[in-house]
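Please read the structure below before turning to the comments.
The values are calculated or read from the model by the stated rules, or taken from the named source; none is laboratory data. Everything numeric in this text was worked out from a predicted model, so none of it was measured. Glycine also receives a Cβ, built like all others from the backbone with ideal geometry; neighbour counts cover every protein chain displayed.
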Amino acid sequence: MIKWFGWKMHAVVDTTSGIPLGYIITPANVADMVMAIPLMNKLKADYEDLFKPSYYIMDTGYDIPSIYQHAVSFGAQAIMPINWRNTKNST
């Protein structure tokens with residue numbers, strides 16, 4: 001049995017400047033998709049008066065319907081590659 005111990009930083013980064021706008025530190029076993037909505041809420045709370053993102057660009061680990069819906073509720077669009085987990089090859 002292998003056990004891992006560590007931390008993971010989930011970050012919101014401005015795509016133009018590369019500057020981190022917010023982050024949340026979690027134990028390493030916390031899935032990325034669990035932290036997306038809290039990060040989006042943190043971004044809105046911290047910067048609501050300064051700007052409103054039109055897009056949330058994320059990696060495959062964040063691909064779940066509730067994240068897309070949450071982005072739409074903020075008047076934005078989530079863009080991420082499809083995660084083909086739990087799919088079967090038809091051939």
Residues of region 46-91 being at pLDDT 90 or above, closer than 17 Å to Gly22 by Cβ and among the aromatic types (Phe, Trp, Tyr), in sequence order, are Tyr47, Tyr55, Tyr56, Phe74
Looking at region 31-45, can you tell me whether even one residue there is loosely packed, with under 12 Cβ neighbours inside 10 Å, modelled with pLDDT of 90 or more and of a type outside the set (Ser, Thr, Tyr)?
yes
